[in-house]
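The block underneath contains the structure these notes are about, expressed in structure tokens.
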Amino acid sequence: MPDSVQPRISINELGTGYGKKQVLNGVSVEVAGGEIVALIGHNGAGKSTLLKAVFGLLRIWHGHVFLDGQEMSTADPRSVIRAGVSYMPQGNRVFADLTVRETWRWAASLYRTRSDSRRE
């Protein structure tokens, strides 16, 4: 990512886990606005743990999460949603009657509506 472009999401040296078991240690990721990023790994690699920590569902033990340059490491899920981030768990638990494509189209329409209202 060029130095002049501020990342939309910046995760720096993040560490977290469950109970006393550390799952993530020193994870750093930057995502620019409009960029699509995939987290790929085997079961138990920490993909969901990372997303839960970023979204405020899991306490961050160390490191930092920034959204548009604003510190969000201790934010609750409502604050993260207000900042424009959403979390869509795997499986049929969200919109069981929609295909993946339909779900993403629905989410994109919400983003467009929200972006349009910011311009007014």
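What to note about this one:
- Criterion violated by Met88 - all others in (1) modelled with pLDDT of 95 or more; (2) within 13 Å of the chain's Cα centre (by Cα) satisfied: (1)
- Filter pass, Val85 being in contact (Cβ under 8 Å) with a residue 60 or more places away in the chain and either under 20 Å from Thr103 (Cβ atoms) or out of contact with any Leu (no Cβ under 6 Å at 6 or more places or on another chain) (or both): yes
- Any hit, segment 21-31, residues being part of a loop (DSSP other than H, G, I, E, B) and in the same structural domain as Met72 (by TED's automatic domain parsing): no
- Scanning segment 25-71 for residues that are under 12 Å from Arg8 (Cα atoms) and surrounded by 13 or more Cβ atoms within 10 Å (Cβ to Cβ) yields Val29, Glu30, Val31, Ala32, Val65, Phe66, Leu67, Asp68.
- Among the residues of segment 21-54, those identified as of a type in the set (D, E, K, R) and under 18 Å from Ala83 (Cα atoms) are Glu30, Glu35, Lys52.
The values are calculated or read from the model by the stated rules, or taken from the named source; none is laboratory data. Since this is a predicted model, take the numbers as computed values, not measurements. Counting neighbours? That spans all protein chains shown, and the Cβs are built from the backbone with ideal geometry, glycine included.
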